[in-house]
Amino acid sequence: MQKKNNAQNTPPKKEIPVRPWFIASIAVTLFLIILLGWNLIFSFNLLSSFKDRELAAERNSWKLLLHAETMQMTTRLSTLSGNLKWQKAYDQTEPELQQALREIPGLSPSDAIIRKTGRIETYLDNIRRIEKKAYEMVSHGDKKEARMLLAGWQYTKNQRGFEKTTDELMDLIQQRIQKEIASQKTRALLMICVASVCLGLLAFLWTVTIRGWRSQAREKDRAKADMQRSEENTA
């Protein structure tokens with residue numbers, strides 16, 4: 001009888017408040033999923049933009065050198081041989097060079113790059129003017145004068161200026177690419193740190209939640225067993 005009274009008078013243990021921990025666990029889980037999904041989408045868009053802009057600007061800078069070299073070689077071949085058949089290749093290459101130069105500021109916009117492309121355009125205008133004059137001389141049979149024109153100081157000076165400025169332009173584009181890569185590395189490191197913190201917090205929250213559920217289950221089993229014993233003693 002005393003046992004019965006003790007069982008009845010024993011206050012039930014206070015249950016661990018599991019609900020707040022469970023809600024916090026769900027919230028952190030959803031946040032982590034959204035963060036990872038956003039990072040994947042952002043990284044894909046960034047990679048696509050990097051490929052379509054920075055790398056495209058670098059390719060165009062190489063095209064500048066290639067097309068300018070092609071135009072120079074075709075002009076020299078024409079002046080040496082006196083044959084104007086190379087002028088067709090020159091005329092086909094010229095618009096490609098102009099297009100490559102025009103696209104660079106839009107692909108890799110910065111004040112320094114805009115200034116460099118402006119200087120390159122000035123050099124190219126002078127170079128094309130001299131080269132077309134050389135073609136005109138060849139068409140009149142003045143090969144010697146055409147060769148002297150291409151060996152002159154004006155042509156050489158503009159060629160050197162073009163090559164030097166193009167190299168500087170390529171360096172600027174490379175610097176932008178390196179800066180973008182460094183920025184992506186920093187962003188990835190920050191993402192890893194945030195994800196690590198979230199995972200640690202998530203593990204803690206779910207551990208507390210699961211322990212709370214187990215504690216509640218044990219309390220219910222204990223209360224059920226006490227009730228059964230109480231009924232047996234009453235009987």
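What to note about this one:
- In the range 192-235 the Cα-Cα distances spread across 10 Å bins starting at 0 as 25, 25, 18, 15, 10, 5, 1 percent of all pairs.
- Cα-based convex hull volume of the range 22-212 per residue, rounded to whole Å³: 108 Å³
- Computed E for L40/R102 - FRET, C-beta separation, R0 41 angstrom, nearest 0.05: 0.75
- Projecting label points 7 angstrom from Cα along Cα→Cβ for A217 and I26 puts them 2.0 nm apart.
- Shown here for the range 31-120: trypsin sites (Lys or Arg not before Pro) in loop regions (DSSP other than H, G, I, E, B) with at most 13 other Cβ atoms within 10 Å, namely K85.
- Mean separation of Cα contacts under 8 Å (6+ apart) over length of the chain, as relative contact order %: 32 percent
- 222 nm mean residue ellipticity, helices alone, for the chain (DSSP H n ≥ 4; -39,500 (n - 2.57); rounded to 500): -32500 deg cm²/dmol
- Each label point was placed 7 Å from the Cα along the Cα-to-Cβ direction; for E232 and Q184 their separation is 7.0 nm.
- Semi-axis lengths, Å, the range 106-233, gyration tensor of Cα atoms, sqrt of 5 times eigenvalues: 85, 12, 9
- When only Cα pairs below 8 angstrom with a gap of at least 6 residues are kept, the range 91-205 shows a relative contact order of 26 percent.
- The range 155-170 and the range 173-226: distance between their alpha carbon centers, rounded to Å: 55 Å
- Spin-label zone in the range 138-176 - amide nitrogen under 17 Å from a point set 7 Å from the Cα of K132 along the C-beta vector: 138-140, 150, 155
- Exposure proxy order (Cβ contacts within 10 Å, fewest to most) of V197, V28: V197, V28
- Ranked list, fewest to most other Cβ atoms within 10 Å of each Cβ, for L30, L101: L30, L101
- The range 45-131, Rg to Rh (Cα coordinates; Rh as Kirkwood inverse mean 1/r): 1.08
- Ranked H140, H67, criterion: other C-beta atoms within 10 Å, fewest first: H140, H67
- Span-rule helices in the chain, defined as complete DSSP H runs reaching 24 Å or more along the axis (Cα) with Kyte mean at least 0.0: 18-52
Computed from the coordinates by the stated procedures, all read-outs in this text should not be read as laboratory data. For clarity, every value in this text was computed on a predicted model and none was experimentally measured. Positions of Cβ are generated from backbone atoms using ideal geometry, with glycine treated the same way; all protein chains shown enter the neighbour counts.
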